[in-house]
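Just below is one structure, and these are the notes that go with it.
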Amino acid sequence: MDLEQAFDDLQATVDAHPALVDEARNRRNKIAAAFKKGSDVGETVYIGSIARATQIEPIRDVDLVVVYDRADHPDWGNEGSSAEEALEETRGRVVAYFGSDGTVDKGFVRLARADNHAVKCFLDDPDDPDAFTVDAVPALRTDGGILRITEKDSRKWIETDPEYLTRRGQERHDEWRQYRRLVRVLKRWNADHERTMVPLLIEVMAIEHLPIGERPRAVQAFFAAAVPAVSAAVTDPAGISPIQPDLDVAAAREQLEAAADASWRAVTAADRSDTDLAACYWREVFGDIFPAPSGGCDRFNLGGATAAGATFAVPRRPARNNPQG
């Protein structure tokens, strides 16, 4: 079996449909352009998986940071009511621009709701569990250049640096053009394993632990390195905030160890030129989104290697006119 072609086929299954990605970006950009008209808005910043080109289907939201000028809002950034005030100001502008009487595009946003960090702009039916949103996060720039964003529940503003993750991902991609593609593969693996780890955790670990090399060896090396890495407290690349502090570490380790074992068996089989057996071990890792050899896998004794918690045969969501998820 041609394993290179098999990994190409896996990638094609994992990658989000380009039309859905383009539509998500266009919707985000439209809202960003409206905010830029405000004299007190210094810039808008694109963050999240769409900005980093690491998105997989379903696409449920896209993220936008609205950076206000501190001089125009001197009371913002302080502990107390200002976080909620900034969210309400942002929500009000969304309604003014895109609500039922919007000055930019009437009815474009069906509901604007202020949550803890962001104003969720529902562009689809808010009662649809797959409703697509643009999440607009009000923020200020610190003197050090990082962002301070709202946290309504704690009545505080918290420092974060999502742009650093975007830059590090771009650096990795510039070094190795397979990087973003394999991050998407790993995020799909995680999605098909009960989502024990949040997607951002997988992506942050990939920054340090997904090495340059042939795709099968790189994926196997990631799983092996992620086992000890996930046991420690993983922070964002800028070292500011922890990623998933409530992680079930034991469950994550079990899934990563199973994937590390099966992928090691796959690489070892391929080294012996037994590519059919290697493909079957890769199916133990990824389920049946990884192509099977022509003779199937029942003929092999895989030695009990299984990807713990795997949910196989997850159907690919068909493309729809509106990006969902």
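Worth pointing out:
- Selected residue (criterion: nearest to the chain's Cα centre (by Cα)) from residues of the stretch 28-53 that are free of Cβ contacts under 8 Å to residues at least 60 places away in the same chain, assigned to a helix (DSSP H, G or I) and buried (at least 19 other Cβ atoms within 10 Å of the Cβ): ILE50
- Qualifying residue in the stretch 217-234 (condition: touching a strand residue (DSSP E or B) at 6+ places or on another chain (Cβ under 8 Å), open to solvent by 20 Å² or more (accessible area, probe 1.4 Å) and without any contact (Cβ under 8 Å) to a residue 24 or more places away in the chain): yes
- The set of residues in the stretch 159-185 being open to solvent by 70 Å² or more (accessible area, probe 1.4 Å), charged (D, E, K, R) and within 26 Å of THR44 (Cα to Cα) consists of GLU159, ARG167, GLU171, ASP174.
- Selection status of PRO323, under 23 Å from LEU10 (Cα atoms), under 21 Å from the mean Cα position of the chain (by Cα), at pLDDT below 95 and open to solvent by less than 20 Å² (accessible area, probe 1.4 Å): yes
- Pairs are defined by a Cβ separation below 8 Å, a sequence spacing of at least 6 or placement on different chains, a first member in the stretch 269-287 that is without any contact (Cβ under 8 Å) to a residue 40 or more places away in the chain and part of a helix (DSSP H, G or I), and a second member that is open to solvent by less than 40 Å² (accessible area, probe 1.4 Å) and of a type in the set (S, T, N, Q); the pairs so defined are ALA269/THR275; TYR281/SER263.
- Strands (runs of 3 or more DSSP E) wholly inside the stretch 102-197 containing at least 2 residues that are closer than 30 Å to ALA226 by Cβ: 133-141, 147-151, 156-160
- Any chance ALA136 is touching a strand residue (DSSP E or B) at 6+ places or on another chain (Cβ under 9 Å), without any contact (Cβ under 8 Å) to a residue 40 or more places away in the chain and open to solvent by less than 30 Å² (accessible area, probe 1.4 Å): no
- Selection from the stretch 73-101 of residues that are assigned to a loop (DSSP other than H, G, I, E, B), in contact (Cβ under 8 Å) with a residue 40 or more places away in the chain and surrounded by 15 or more Cβ atoms within 10 Å (Cβ to Cβ): HIS73, TRP76, GLY77
- Condition check for ALA206: in a helix (DSSP H, G or I), open to solvent by less than 50 Å² (accessible area, probe 1.4 Å) and touching a His at 6+ places or on another chain (Cβ under 8 Å): no
The values are calculated or read from the model by the stated rules, or taken from the named source; none is laboratory data. Bear in mind the structure is a predicted one, so any value in this text is a computation, not a measurement. We place every Cβ from the backbone using ideal geometry, glycine too, and count neighbours over all the protein chains shown. Areas reflect the complete protein model, heavy atoms only, side chains present, ligands, DNA and RNA absent. Shrake-Rupley method; radii C 1.70, N 1.55, O 1.52, S 1.80 Å.
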